[in-house]
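Quick notes on the structure that follows.
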Amino acid sequence: MTQLTPLTQLRSPLGKQEIELQQVDFAAGGMSLLRTRIREGSRFTIFDIDPLTAEAWGQALLDWARRQPR
């Protein structure tokens, strides 16, 4: 059985998207994945990424956010 561990939930104030991050661990073992669930009204976008992709994506988000005026 796949185990999902909730990590965080966010809500985008402008688009009202609900963003949920979960750790995905498979019963057969292997690497854990990061699941991103984005809900927009009744539509869901769900994708799983590996740790290296998560790190690169996270860094790109931080780089962008730090360049924005506060």
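Brief remarks on what is shown
Listed here are the residues, each with its yes/no results for (1) of a type outside the set (Gly, Ala, Ser); (2) part of a helix (DSSP H, G or I).
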| residue | (1), (2) |
| --- | --- |
| Pro6 | yes, no |
| Gly15 | no, no |
| Gln22 | yes, no |
| Ala27 | no, no |
| Ile38 | yes, no |
| Leu52 | yes, yes |
| Leu61 | yes, yes |
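- Against the conditions (1) hydrophobic (A, V, I, L, M, F, W, C); (2) surrounded by 10 or more Cβ atoms within 10 Å (Cβ to Cβ); (3) outside any helix (DSSP H, G or I), Trp57 satisfies every one except (3).
- Residue within the stretch 18-37 that is of a type in the set (Lys, Arg) and surrounded by fewer than 12 Cβ atoms within 10 Å (Cβ to Cβ) present: no
Values in this text are rule-based calculations from the coordinates and carry no lab data. Just so it is clear, the structure is predicted and the values come from calculations on it, not from any experiment. We place every Cβ from the backbone using ideal geometry, glycine too, and count neighbours over all the protein chains shown.
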